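Notes follow once the structure below has been shown.
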């Protein structure tokens, strides 16, 4: 069975280790700069609103949502949702995260191509994320390489989504870093600290993409589509 195959850990283990390191780094970095407060006194919600309006975007709602670092922008209804630690705080960590999410709203307003592609992939990716494992399991139980291959095809959607996410997140952070300073939300010195939170967060997306890609390579190996694989 795949779950007990030591080769699986040789393929996927590095990605999982990177994901663990990234998660720890994000929490530590956010915690550190949550104690460093911006001279402007703006909260995360206020900073996001200010940044959007200075760019001529007035139709985005900003709401508080539950959870730790559950911040996200929903393009389906133009809503920016910020966690309590970001919405209410005037720390550099909160401002960095809020302005990053506002960066996604600006991408949406400017029709940034990669964001449109990622949004279009969401329904198919949701199906692929759970459907792939169903086909993998049935294929192993029925000893059907064709069914396993169908699972690989579905999982490929997850990989594509993860890869498309990288330029989307990088661009949102780049917009946030530049506009935080140019709009006076933070000083150039403060931006460096706020930017460290965004850099740590980006590592989590890199880890997710690496893990997804390595998992796909493992399944291709098991199907014999990579050198040294075996059809079992």
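Read the figures in this text as sums done on the coordinates, not as results from a lab. Note that the structure is a prediction, hence the values are computed from the model and not measured. Neighbour counts are summed over all protein chains in view; Cβ atoms, including those assigned to glycine, are modelled from backbone coordinates with ideal geometry.
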What relative contact order, as a whole-number percentage, does segment 2-222 give when Cα pairs under 8 Å and 6 or more residues apart are counted?
-> 28 percent
The chain: antiparallel bridges as % of DSSP beta bridges, rounded to 5, reads 50 percent
Relative to the first principal axis of the alpha-carbon coordinates of the chain, what is the inclination of helix 145-182, with its axis defined by its Cα atoms, in degrees from 0 to 90 and to the nearest 10?
-> 20 degrees
Ratio Rg/Rh [Cα only; Rh per Kirkwood] for the chain | 1.07
Spin-label model distance (nm) - residue 64 vs residue 117, 7 Å beyond Cα toward Cβ | 3.8 nm
Over all pairs of different Cα atoms in segment 150-232, the reciprocal of the mean inverse distance gives a Kirkwood radius in Å of 15.0 Å
So what is the 222 nm mean residue ellipticity for the chain from helices alone, if each DSSP H run of at least 4 adds -39500 (n - 2.57) and you divide by all residues, rounding to the nearest 500 deg cm²/dmol?
-> -24500 deg cm²/dmol
Work out, step by step, the length gained on full extension between residue 192 and residue 34: first 0.36 nm times the residue separation, then minus their alpha carbon distance; give nm to one decimal.
-> 55.5 nm
For 193, 5, ascending order of other Cβ atoms within 10 Å (fewest first) is 5, 193
With a point put 7 Å past each Cα toward its Cβ, work out how far residue 77 is from residue 163 in nm, to one decimal.
-> 3.4 nm
